[in-house]
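Notes follow once the structure below has been shown.
The values are calculated or read from the model by the stated rules, or taken from the named source; none is laboratory data. Bear in mind that the values here come from a model prediction, so they are computed numbers and not experimental data. Cβ atoms come from the backbone with ideal geometry, glycine included; neighbour counts cover every protein chain shown. Just so you know, the surface numbers come from the protein's heavy atoms only, side chains and all, with ligands and any DNA or RNA stripped out. Shrake-Rupley method; radii C 1.70, N 1.55, O 1.52, S 1.80 Å.
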Amino acid sequence: MYKLISTLIILVVTSQIHSQVVAPETHNLDTGKSILHWKGSYVFNVSEHNGEVYFKDGYLNSINDNVIGGSFTIDMTSITNEDHLHNRGPVTHLKDEDFFYIEKYPEASLTITSITYFEDTNTHEVFADLTIKGVTKNIKFYAILDGQARSFKAHFKIDRTRWGITYNNEVKNRAISEAIEFKADLQF
């Protein structure tokens, strides 16, 4: 009798614990409304190039309206800039082996590894693995999420050399800032 009662108690407690586990909710990226702006500049010249690159897919996961993770695929073949539209931009060169080598690496990705919400500033500290040209490095940035607008906005920089994004000419490579700036405007 003791074994039967013990077994029933364990089953009831276990079923209550399992019924309280909440499955993550997935929020799919609206790729038609989401964009990643980029900006590269020169070290000693007051000049820069900027443009856009688009997403192939992505999602955020949340539990009880708290984002817990996510992953995004960036379509590197979509990289463009305004100057290129006027036959002055570096897009063709950005796509070759010196920079993003999109023939071999047509996609980049970002996977959130941890995220912390700071209620007092309404910001999220995001740690993520960024993969470019087959090289994965951890980055940290801050984001603003708006649940009602279903948006995720972030502004951050990376050191391009950590991912092997370098010009094949050493003198010209030093003339280009190592920082690439990104502004993400994502809609879900």
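Just add up the charged neighbours of A154: K/R +1, D/E -1, any other residue whose Cβ is under 10 Å from the Cβ of A154.
My count for the surroundings of A154 gives +1.
Roughly how much of E97 is accessible, in Å² to the nearest 10, using a 1.4 Å probe?
Counting only protein heavy atoms, the figure is 120 Å².
For a quick check: with amide H placed at 1.01 Å from N, whose amide H comes under 5 Å from D57's, ignoring anything fewer than 5 positions away on the same chain?
T73
Carbon-plus-sulfur fraction of the accessible area of the range 51-122, 1.4 Å probe, in percent?
45
Hey, what do the phi angles of the range 114-124 turn into as Karplus ³J(HN,Hα) couplings, whole Hz, using 6.51/-1.76/1.60 and θ = phi - 60°, x for Gly and Pro?
My calculation for the range 114-124 gives 7, 8, 10, 9, 10, 4, 5, 10, 6, 10, 10 Hz in order.
Distance cut-off 23 Å, Cα to Cα: go down the list K33/K133; K104/K140; K39/K95; K33/K137 and report the pairs above it.
K33/K133; K104/K140; K33/K137
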